[in-house]
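**Q** After the structure tokens below, expect a handful of questions from me.
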Amino acid sequence: MTSDANISWSVVMTVKEPAPLVMANVGWHLSLGAAEVHVYLDDPEDQVADQLMVVDGVNVIRCDDDHWARLNVRKADGRQTRRQGVNATDAYRRTAADWIIHLDADEFLMPERPVSQLIAEYARKDRFLRIQPWERTYLTAAAPVSIFEGGFRVPYLGKLQNDEETFWRSTRFLTKGLTGHSVGKALMPTRQGWRIGIHSPREETRRLQGDYVPEMALLHFDGMTPLHWMLKVLRYAHLPREMIEGMLGGHRREQVLMAKQRAQAPGGLLKFHNRLKVTDGGLRARLEARDMFVDAPFEPADQLAAQLGYMPDLSVEGFDAMLRERSGDLLDRFK
């Protein structure tokens, strides 16, 4: 075991989300001890830049034409995952921190002890650390009030037997019980010459290995509100088929195909969301029996206020109003 006294870590993300979520993510990880947070703005004109640039420890990068030219990318790639990987590798090469993790704006680390301590205890040479996802689930179908409301589903790390006995007809839309990813994210040592993927680092000559950290979870919200999730799948639904197949896992593709059908009926897409995202009654009992459910709300308000000096609007009402302003054209197609 090595001393954690001099271990530093950082976060990189490529974002195009309402400002309160971006600021909450940045503030939370700074409160955990991140030395740097590298925020790549997918929209170079994103006004959240003004709020970010006054926060110590934040490096703001606008993804404009000059940015892509610096990275020898002819133009901004149409695939979101491609852009994220290029930006994450750029931050990996530029950071002064000893370790770095690529996160999405809706992902929040939840360590039981300081992150530097966990790195010191669990790190092994030439390996990265894998952080297991816990995916937010609503406890009822009632409209939520806060964007962080609910509990969490935990993926089964081994091979889950009899999936259909647990999730019934929803099985094909899930991976190990989750609507998003079940593999988690990688906390990686820097200065290794690696290339950074969305979930794991890569090296040309060998396959890199990771070790799960048992004392840290990755809280993944996969839609901060029901509307947020619905807009996500609708955006995927309008991508070319080859791009969908290149970007999405099988369960997400199934979600997108079903969403296109359900969106044609009033309230149909919300009902589909609730079918996948609500854990109550018998399903909760089945998940608890398999240690796949945690009723532990995420309440970061105190840390955010202390770190940022103010509280972002974390209400569903405020968040959805920003989404509607950004995505009214998409919503109009499915009224």
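**Q** Would you please list the contacts, defined by Cβ atoms under 9 Å and residues six or more apart or on different chains, that run from a residue in region 80-97 that is over 20 Å from L239 (Cβ atoms) to a residue that is assigned to a helix (DSSP H, G or I) and open to solvent by 50 Å² or more (accessible area, probe 1.4 Å)?
**A** Hits for this filter: D90/R70.
**Q** Is it the case, given these coordinates, that L178 is within 15 Å of the chain's Cα centre (by Cα) and either of a type in the set (S, T, N, Q) or within 22 Å of Y122 (Cα to Cα) (or both)?
**A** Here the answer is no, as L178 does not meet what is asked.
**Q** If I filter region 276-288 for residues that are without any contact (Cβ under 8 Å) to a residue 40 or more places away in the chain and under 14 Å from V233 (Cβ atoms), do I get at least one hit?
**A** Checked region 276-288: no residue is without any contact (Cβ under 8 Å) to a residue 40 or more places away in the chain and under 14 Å from V233 (Cβ atoms).
**Q** Return yes or no: is Q47 surrounded by fewer than 16 Cβ atoms within 10 Å (Cβ to Cβ) and in contact (Cβ under 8 Å) with a residue 24 or more places away in the chain?
**A** Yes, satisfied.
**Q** Additional query: Return the residues of region 191-221 that are in contact with a strand residue (DSSP E or B) (Cβ under 6 Å, 6 or more places away or on another chain), assigned to a loop (DSSP other than H, G, I, E, B) and among the small types (G, A, S); say none if nothing qualifies.
**A** Of everything in region 191-221, just one residue is in contact with a strand residue (DSSP E or B) (Cβ under 6 Å, 6 or more places away or on another chain), assigned to a loop (DSSP other than H, G, I, E, B) and among the small types (G, A, S), namely S200.
**Q** Return the residues of region 295-335 that are among the hydrophobic types (A, V, I, L, M, F, W, C), modelled with pLDDT of 95 or more and not in a helix (DSSP H, G or I); say none if nothing qualifies.
**A** F298, M311, L314
**Q** Another question, if that's okay. For A265, all conditions in the list (1) among the small types (G, A, S); (2) more than 18 Å from the chain's Cα centre (by Cα); (3) surrounded by 17 or more Cβ atoms within 10 Å (Cβ to Cβ) hold save one; what is the number of the exception?
**A** Every listed condition holds for A265 apart from (3).
**Q** What number of residues within region 270-302 satisfy the criterion of being within 16 Å of M23 (Cβ to Cβ) and open to solvent by 70 Å² or more (accessible area, probe 1.4 Å)?
**A** The total comes to 1.
**Q** Here is a check on your reading of the model: is D90 among the acidic types (D, E), in contact with a Leu (Cβ under 9 Å, 6 or more places away or on another chain) and open to solvent by less than 20 Å² (accessible area, probe 1.4 Å)?
**A** yes
**Q** Moving to a separate point now. Please tell me if E325 is farther than 23 Å from F148 by Cβ, exposed (fewer than 13 other Cβ atoms within 10 Å of the Cβ), free of Cβ contacts under 8 Å to residues at least 24 places away in the same chain and of a type outside the set (A, V, I, L, M).
**A** Numbers: farther than 23 Å from F148 by Cβ: no; exposed (fewer than 13 other Cβ atoms within 10 Å of the Cβ): yes; free of Cβ contacts under 8 Å to residues at least 24 places away in the same chain: yes; of a type outside the set (A, V, I, L, M): yes.
Considered against the rule, which asks whether it is farther than 23 Å from F148 by Cβ, exposed (fewer than 13 other Cβ atoms within 10 Å of the Cβ), free of Cβ contacts under 8 Å to residues at least 24 places away in the same chain and of a type outside the set (A, V, I, L, M), E325 comes out as no.
**Q** Moving on to the next point. For the structure I just gave you, tell me whether R252 is out of contact with any Ser or Thr (no Cβ under 6 Å at 6 or more places or on another chain) and open to solvent by 60 Å² or more (accessible area, probe 1.4 Å).
**A** no
**Q** Return the residues of region 2-16 that are under 29 Å from R79 (Cα atoms) and surrounded by fewer than 22 Cβ atoms within 10 Å (Cβ to Cβ); say none if nothing qualifies.
**A** Within region 2-16, K16 is the sole residue that qualifies.
Rundown of residues vs (1) farther than 19 Å from G150 by Cβ; (2) touching a Phe, Trp or Tyr at 6+ places or on another chain (Cβ under 9 Å); (3) surrounded by fewer than 20 Cβ atoms within 10 Å (Cβ to Cβ), yes/no style:
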site	(1), (2), (3)
E215	yes, yes, yes
D222	no, yes, no
T225	no, yes, no
H228	no, yes, no
R241	yes, no, yes
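The values are calculated or read from the model by the stated rules, or taken from the named source; none is laboratory data. All figures in this text were calculated on a predicted structure; none of them were measured in a lab. For neighbour counting, all protein chains shown are included, and Cβ atoms are generated from backbone atoms with ideal geometry for every residue, glycine included. Remember, those area values only see protein heavy atoms, side chains included, never the ligands or the DNA or RNA. Shrake-Rupley method; radii C 1.70, N 1.55, O 1.52, S 1.80 Å.
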